[in-house]
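Peer 1: Next up is a structure, given as structure tokens.
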Amino acid sequence: MKMDKNINVGQPISRLEGKQKVTGTAKYAAEYEVNNLLYAYVVNSTITKGKILSIDTSKALALPGVIEVLSHENRTKLAWFDVQYADMDAPPGTVFKPFYDENILYNGQPIALVVAESFEMARFAATQVTFQYKEEPFKTCLKDNLGLARTAKKGFATALKPPPPPPTGNFEKAYESAAAKVETTYSHGTEHHNPLELFATTTIYQGDGKLTIYDKTQGTINNQLYVANIFGLKYKNVRVLAPFVGGGFGSGLRPQYQLFLCVMAALHLKRNVKLVLERKQMFSFAHRPPTIQNLRFSADINGKLTGLNHSSKSETSSFEDYFEPIASWSHRLYPAPNTLFEQELVPLDVHTPLDMRAPGGSTALHAIECTMDELAYQLKIDPLELRLINYSEMDPSAKKPYTSKALRACYLEAAEKFGWDKRKPEPRSMERGNKLVGYGMATGIWDSLQFPSRVEAMINADGKMVLNNAVTDIGTGTLTVMTQIAADQLGLNMEDVDFQYGDSKKPFSMFQGGSAMTSSTGVAIVVAAKELRKKLLKKAKEMTDSPFKKAEDDQVTFQNGTIFLNSDPNTLVTFKELIAFNKGKTIKTTNMGKPHMLKLKNYSLATHSASFVEVEVDKDLGVVTVTRAVTAVAAGKIINPKTAKSQVYGSMVWGISKALHEETIMDPNLGKYMNSNLGEYHLPVHADIKQLEVIFADEPDELINELGVKGVGEIGLVGMPAAISNAIFHATGKRIYKLPIHFNELI
Amino acid sequence: MTKTTLNVNQQRYELNLLPWVSLLDALREHLKLTGTKKGCDHGQCGACTVICDGKRILSCLTLAVMKNDSEITTIEGIAGGDELHPIQQAFIDHDAFQCGYCTPGQICSAVGMLQEGHAHTREEVQELMSGNLCRCGANVGIIDAIMEVKDGGTHE
């Protein structure tokens, strides 16, 4: 059965929701007009560990317009068992339960909720609730508590995030006798996702145990199940909607406490309630954990790696074991006969970390690719050449071929575009006026995931196609990309395709993460569309005197809302005629798309990238500017080069931010973050972002899935921090072993 | 309660507001003009930028009562009816946004900045737009879009 293939797929089509976003009509979680709405405001713990002895709410309750103050003392009845609080992304451990009891587990923990008739009154009343605490000693500093390090507990999440593989060969022996060797320790601080939209929930109380919830989330169904399980509601009575999401970057993978508290207040008061967190409160939950990594790489005189040793210790909370793979990435890129990978967690009195754009990978590749850079200088081999010497077509770690790997093309195309050949090998050898100039490069690698996803696809009486799936579009371009895929599958114009999403009532989608939505829901669309084409052809065969009666699947084409015979394109039937013949009834199908586990069992799956960066470092002030950067990405088929490029641009900006700007600073004496606002948590501004270029390497992949796609949401970040660090070394001759790198370390 | 008159997008609104209601909350919660975004409520992100009496201001750092009788343009008033403002069209063409949450502030800021007339080069535009954060990292597209309109580029 032929389709008019790839008319829209591969085109740089502008975002379909663009007009709504540029005119202010796109509505986010806190922006729905709801009658008789109450405003809630969270009160957070000011101590780091201990117990609440008593709460005085009398002053707050006496204020005009204050309806209720909720806390663990007067909360509604909740689920009994821990497992009922566990969301789809919960790591092993005991999930955090807001308002569960008097115990304080971390600084900033939500401990009371004020509900009032106005936002201003709720906010003021929150300052009038007072607490008596019994404080207990706490531990919040990673580097002071490395003695607590232990391996991670295992659970459901371990399947996607495996612990490092066992050692191979004899690393110590190989390292001892190696011609070249480098030992490094890299560290970085805490980072918070800080999507620009504040976490917010609007709960509409409909009575009879029914709730409609507008929530800031990356997973509508995840949050629907979470609410229903905890508050004892029927799944079908809880509807979570998130048609527009103002950024996620991982922070919305798990339900956050504003959802829990807003729903609790709505159920308790039987009213509609809205709860928006403050920016300061955005630092009171998910974050990228601070990590300390020790690496030892060894090579022979020709630069061939002989040993890889990577040990990582990162923070988790006292109640859950958040684990992101760090230690084993080097061996997925570079072959080496002797490997030793270890990864441990240090439980501290903080909230549980959570996946933040390229979790683990961006942490690991910073350390790995800086260590490779140091090895290159020691061997007097060009850093790019060292990567090519150790290039592997297959995955050395799994000893399997990749379904596709165009990393070599990434290296070569990006190097040429960048002008890597103009680099003088010696550090501190290039200048521009009062600036030291440095060139640096690094490799990126990231998982290529696919989750099961169900899509309902139908042709309606107007001959147009409607698709339903619960997935969100957090700014990645999901709506546009899915519409492109669906249009080509049925041979329709994009304006005749309506992809509906962001609603837990729609067929299943996993939360939007892991750069996996195009492969997950995109493939489900292909599967459903195939079935829908069959049904349409079957209907065409049923028509009186149908010319399609004997037509096999491969003898017809779907184009412009018609089916025609390949042998005679003038013999056609329109979708509209088919539906009319079907007595006006929609023709529809619901199908599951899933990864081909059996077929892919013998392959490794990954996206790759190569980043090349030029920095200028002020000779007197040490200020670093990334003057230009080129990133080449190999990620299979690119459905929409425009939105995909934006994903990589955005990731490159994140790389600049991670390398030079952002860090949440913990005061270990107080156990609290000291810069929980956007003035002191530094993000790059427009003036920090100079020239960025993105290249997509040609990477056909017939194996990975029906679309040949891999996902582009995270890969562009992975190589950037190391490329910047390496460029700074090249400019200044100073190797900085931490992120972010500040000017004071360079003067 | 203080009687306050706000002229927003050429429409006159009479409001009775507590004196500590910010212009941002007055727009979002009282006038239901939710296009103006709250990203930090501290004047640090620029998402709440509106144009007031011809100048860009941060509506979160402004009390509504301070702007009694002022002329305010929000993102909802930037387009001329169904016709998008050239900056809005350029934002779509250059994919100058991803999640869209900082976009209204970026657009109001860009329109205000071009009216101010101080930016002549790309570097100056980058500097004078630096009060508006974009966490998605759409910086390149945002500046490209503004430069195209500033330099009188045509739009399709």
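The values are calculated or read from the model by the stated rules, or taken from the named source; none is laboratory data. Predicted model, so just to flag it, every value in this text is computed and none were measured. In this analysis, Cβ positions are derived from the backbone assuming ideal geometry, glycine residues included, and neighbour counts consider all displayed protein chains.
Peer 1: Can you name the residue in region A:501-535 that is surrounded by fewer than 19 Cβ atoms within 10 Å (Cβ to Cβ) and out of contact with any helix residue (DSSP H, G or I) (no Cβ under 9 Å at 6 or more places or on another chain) and, of all such residues, is nearest to A:Met597 (Cα to Cα)?
Peer 2: A:Glu531
Peer 1: Further question: In region B:10-52, how many residues are on the phi > 0 side of the Ramachandran plot, more than 7 Å from chain A (Cβ to nearest Cβ) and either crowded, with 17+ Cβ neighbours inside 10 Å or part of a strand (DSSP E or B) (or both)?
Peer 2: Looking only at that region, the number is 1.
Peer 1: A:Ala727 passes all but one of (1) touching a Phe, Trp or Tyr at 6+ places or on another chain (Cβ under 7 Å); (2) within 30 Å of A:Ile485 (Cβ to Cβ); which number fails?
Peer 2: Tallying (1) touching a Phe, Trp or Tyr at 6+ places or on another chain (Cβ under 7 Å); (2) within 30 Å of A:Ile485 (Cβ to Cβ), A:Ala727 fails exactly one: (2).
Peer 1: For B:Pro86, all conditions in the list (1) more than 7 Å from every other protein chain (Cβ to nearest Cβ); (2) surrounded by 17 or more Cβ atoms within 10 Å (Cβ to Cβ); (3) under 12 Å from the mean Cα position of the chain (by Cα) hold save one; what is the number of the exception?
Peer 2: It fails just one condition, (3).
Peer 1: Please state which one of A:Lys280, A:Lys270, A:Lys313 is closer than 22 Å to A:Lys672 by Cα, surrounded by fewer than 23 Cβ atoms within 10 Å (Cβ to Cβ), of a type outside the set (Gly, Ala, Ser) and modelled with pLDDT of 95 or more.
Peer 2: One residue alone meets the criteria, A:Lys280.
Peer 1: May I pose another question? Can you pull out the strands (runs of 3 or more DSSP E) entirely within region A:590-702 that have at least 1 residues that are more than 10 Å from chain B (Cβ to nearest Cβ) and within 19 Å of the chain's Cα centre (by Cα)?
Peer 2: Here the list reads A:606-618, A:624-634.
Peer 1: Are any of the residues in region A:421-438 modelled with pLDDT of 95 or more, assigned to a helix (DSSP H, G or I) and not β-branched (Val, Ile, Thr)? Full working, then the answer.
Peer 2: Of the residues in region A:421-438, the ones modelled with pLDDT of 95 or more are A:421-438.
Then keep just the ones that are assigned to a helix (DSSP H, G or I); that gives A:421-422.
If we keep only those that are not β-branched (Val, Ile, Thr) too, we end up with A:421-422.
Checked against the condition, which is being modelled with pLDDT of 95 or more, assigned to a helix (DSSP H, G or I) and not β-branched (Val, Ile, Thr), region A:421-438 yields at least one hit.
Peer 1: Oh, and also: Name the single residue that is farthest from B:Met147 (Cα to Cα) among those in region B:102-122 being in a helix (DSSP H, G or I) and free of Cβ contacts under 8 Å to residues at least 40 places away in the same chain.
Peer 2: Per the criteria, the residue is B:Thr103.
Peer 1: Given the conditions (1) outside any strand (DSSP E or B); (2) more than 32 Å from the chain's Cα centre (by Cα), which single one is not true for A:Tyr411?
Peer 2: Here A:Tyr411 meets the rest and fails (2).
Peer 1: Could you tell me whether A:Pro401 is of a type outside the set (A, V, I, L, M), assigned to a strand (DSSP E or B), under 27 Å from A:Asp300 (Cβ atoms) and in the same structural domain as A:Val182 (by TED's automatic domain parsing)?
Peer 2: On the way: of a type outside the set (A, V, I, L, M): yes; assigned to a strand (DSSP E or B): yes; under 27 Å from A:Asp300 (Cβ atoms): yes; in the same structural domain as A:Val182 (by TED's automatic domain parsing): yes.
The answer is yes for A:Pro401.
Peer 1: I'd like to know if region A:271-285 contains one or more residues that are more than 24 Å from the chain's Cα centre (by Cα) and over 29 Å from B:Gln98 (Cα atoms).
Peer 2: Yes: one or more hits.
Peer 1: Out of the residues in region A:137-170 that are of a type in the set (Gly, Ala, Ser) and over 18 Å from A:Gly93 (Cβ atoms), state the one that is surrounded by the most Cβ atoms within 10 Å (Cβ to Cβ).
Peer 2: Keep residues of region A:137-170 that are of a type in the set (Gly, Ala, Ser), which gives A:147, A:149, A:152, A:155, A:157, A:159, A:169.
Filter again for over 18 Å from A:Gly93 (Cβ atoms), leaving A:147, A:169.
Numbers: A:Gly147: 6, A:Gly169: 15.
Looking at residues that are of a type in the set (Gly, Ala, Ser) and over 18 Å from A:Gly93 (Cβ atoms), I get A:Gly169.
Peer 1: Oh, and also: Find the residue count for region A:460-492, including only residues that are out of contact with any strand residue (DSSP E or B) (no Cβ under 7 Å at 6 or more places or on another chain) and within 27 Å of A:Ala540 (Cα to Cα).
Peer 2: Residues flagged as out of contact with any strand residue (DSSP E or B) (no Cβ under 7 Å at 6 or more places or on another chain) and within 27 Å of A:Ala540 (Cα to Cα) within region A:460-492 amount to 4.
Peer 1: Among the residues that make up region A:454-471, is at least one of them surrounded by 19 or more Cβ atoms within 10 Å (Cβ to Cβ) and of a type in the set (Gly, Ala, Ser)?
Peer 2: yes
Peer 1: Further question on the same structure: For region A:223-240, name all the residues that are closer than 27 Å to B:Arg135 by Cα and either touching a Pro at 6+ places or on another chain (Cβ under 7 Å) or surrounded by fewer than 22 Cβ atoms within 10 Å (Cβ to Cβ) (or both).
Peer 2: Correct list: A:Asn223 only.
Peer 1: When only residues in region A:442-493 that are assigned to a loop (DSSP other than H, G, I, E, B), polar (S, T, N, Q) and more than 14 Å from every other protein chain (Cβ to nearest Cβ) count, which is farthest from A:Ala644 (Cα to Cα)?
Peer 2: A:Asn460
Peer 1: Scan region A:420-468 for residues that are in the same structural domain as A:Cys370 (by TED's automatic domain parsing), under 30 Å from A:Ser604 (Cβ atoms) and of a type in the set (Val, Ile, Thr) and jot them down.
Peer 2: A:Thr443, A:Ile445, listed by residue number.
Peer 1: Do we have any residue at all in region A:182-191 that's buried (at least 17 other Cβ atoms within 10 Å of the Cβ), without any contact (Cβ under 8 Å) to a residue 60 or more places away in the chain and over 30 Å from A:Pro507 (Cα atoms)?
Peer 2: No, region A:182-191 has no match at all.
Peer 1: In addition: Consider only pairs whose beta carbons are under 6 Å apart and that are at least six residues apart or on different chains; among these, list those whose first residue lies in region A:363-377 and is over 18 Å from A:Glu662 (Cα atoms) and whose second residue is of a type in the set (Val, Ile, Thr) and surrounded by fewer than 24 Cβ atoms within 10 Å (Cβ to Cβ).
Peer 2: A:Thr371/A:Val182; A:Thr371/A:Thr184; A:Glu374/A:Val182; A:Leu375/A:Val182
Peer 1: Considering each residue of region B:89-130, count those that are of a type outside the set (Lys, Arg), more than 7 Å from chain A (Cβ to nearest Cβ) and either under 30 Å from A:Asn640 (Cα atoms) or over 12 Å from the mean Cα position of the chain (by Cα) (or both), and give that number.
Peer 2: Number satisfying all stated conditions: 22.
Peer 1: Sticking with this one: Kindly state which strands (runs of 3 or more DSSP E) lie completely within region A:1-83 and contain at least 1 residues that are crowded, with 16+ Cβ neighbours inside 10 Å and charged (D, E, K, R).
Peer 2: Ranges flagged: A:66-71.
Peer 1: All but one of (1) over 13 Å from A:Thr190 (Cα atoms); (2) touching a Gly at 6+ places or on another chain (Cβ under 9 Å) hold for A:Lys672; which doesn't?
Peer 2: That leaves (1) as the condition not met.
Peer 1: Just the residues that are of a type in the set (A, V, I, L, M, F, W, C) and either at pLDDT below 95 or buried (at least 22 other Cβ atoms within 10 Å of the Cβ) (or both), please, taken from region B:120-142.
Peer 2: B:Val125, B:Met129, B:Leu133, B:Cys134, B:Cys136, B:Ala138, B:Val140, B:Ile142
Peer 1: Let me spell it out: the conditions are (1) in a strand (DSSP E or B); (2) in contact with a Pro (Cβ under 9 Å, 6 or more places away or on another chain), and B:Lys3 meets all of them except one. Which number is the exception?
Peer 2: (2)
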